[in-house]
Amino acid sequence: MKEIYLDNNATTKVDEAVFEEMRPYLCELYGNPSSMHFFGGQVQKKVDEARKRVAALLGADPSEIIFTACGTESDNTAIRSALETFPEKRHVITTRVEHPAVLTLCRGLTKKGYRVTELGVDGAGRIDLDELRNAIDDDTAIVSVMWANNETGVVFPIEEIGAIVKERGALFHTDAVQAVGKIPLNMAASTVDMLSLSGHKLHAPKGIGILYLRKGTPFRPFLVGGHQERSRRAGTENTAAIIALGKACQTAAEWLEDENTRVLGMRDRLEKELLSIIPHSRINGGGAVRLPNTLSIAFEFVEGEAILLLLSEKGICASSGSACTSGSLEPSHVLRAMGVPFTCAHGSIRFSLSRFTSEDEIDAVIRELPPIILRLRQISPFGRELLKG
Ligand code: PLP
């Protein structure tokens, strides 16, 4: 059975062109870029090129790019760096809908005596800027707000948030793991001090990420040791993955237009068709600005996990929440923060498309999903009541 992969917010396929770019740097050109000899030097040149390619996608300067192992490491590094830079400041602001890479770290900080404010969201997943204005004070070391939510695709007004943060002299970090390659970003004209990106969300391999660090931003490295990354991240560079990430970023820039036209069109068609065919369905984050590739849709009185299993039997891969929360039957923290009723949160499915998604695959979901929902409602007492109504 050929898979229909609609779980691209969990991870993406490595683009063949990206793989071809990295391939020689595994078995043949395996030198250490720090070596003095020609063999390492030629790898260093490719790493430099990759850094330029990543910077170009972000509208940043290459010197502002630090290669890390993943989005999680970048998130952890940014927040810990701010706290070490300003040891006298004991307050952190984030949101209730962040990825665990931020939220777990921040919640742990409360046990170490930090004050952590988690901004709430409304029913559509939007934050209230006045809540931020009221929460931020001279004790705030860092504000960390994701650019786009991984579960709902809701996009936050990052520049407006950044303007508020800058007025109060705190550092501003954004987890842009889901935003990069899906919406245009321009660090040159941005209020963001630090930004996290993860390769495996944009058709590069797993295990590579970056931290964007605005020139002049005070910084303390998370990993110390060798002088790699200008002493900002020790450890021998994952050269093949770095080179792959450079190619993936270059390609993402070329496909950005497609993402916001063709991919968006497919997402909108899927959304419209499912809403019209399946009664008692609603979009999570429907009233907000959203990523072009993400659809989080709730079907009342059905179990998300049951839907996923039946979809999987048809070869369709989706998710019932973030990749990290599936496996637990609790509704996701994101949907709970939005106040999505339990009966809907439990039956929420996330479809996340990519440039490799085809119209035929969307047709298949529109064909296969409605009978699955009907079948599940028929075997649930509440679902049967719903069908009668
Ligand atoms: N932040 C967001 C918004 C994510 O969606 C993810 C991964 O799902 C991460 C951070 C973690 O990235 P990584 O898997 O590269 O550690």
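The values are calculated or read from the model by the stated rules, or taken from the named source; none is laboratory data. All figures in this text were calculated on a predicted structure; none of them were measured in a lab. When we count neighbours, we look across all protein chains shown, and the Cβ atoms used for this are built from the backbone with ideal geometry, even at glycine.
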Please verify whether segment 85-94 includes one or more residues that are in a helix (DSSP H, G or I) and assigned by TED's automatic domain parsing to the domain that holds TYR212. yes
Give me the residue from segment 106-118 that is closer than 13 Å to ALA141 by Cβ and in a helix (DSSP H, G or I) and, out of that set, nearest to the ligand (Cβ to nearest atom). CYS106
Need pairs with beta-carbon distance below 6 Å; first residue in contact (Cβ under 8 Å) with a residue 24 or more places away in the chain and of a type in the set (Asp, Glu) and within segment 56-76, second in a helix (DSSP H, G or I) and within 9 Å of the ligand (Cβ to nearest atom); sequence gap 6+ or separate chains. ASP75/ALA101; ASP75/VAL102
Working carefully through the options LEU202, LEU270, LEU197, LEU211, find the one that is more than 20 Å from SER63 (Cα to Cα), in contact with a strand residue (DSSP E or B) (Cβ under 8 Å, 6 or more places away or on another chain) and in the same structural domain as ALA148 (by TED's automatic domain parsing). LEU202
Only one of (1) assigned to a helix (DSSP H, G or I); (2) crowded, with 18+ Cβ neighbours inside 10 Å does not apply to PRO33, and that is (1)
ILE136 passes all but one of the listed conditions (1) within 21 Å of HIS333 (Cβ to Cβ); (2) touching a residue at least 40 places away in the same chain (Cβ under 8 Å); the exception is number (1)
Among the residues of segment 136-185, the number that are within 21 Å of ARG355 (Cβ to Cβ) and more than 16 Å from the ligand (Cβ to nearest atom) is 1
Residue, nearest to the chain's Cα centre (by Cα), within segment 335-366, restricted to residues that are polar (S, T, N, Q) and either surrounded by 16 or more Cβ atoms within 10 Å (Cβ to Cβ) or not in a loop (DSSP other than H, G, I, E, B) (or both): SER352
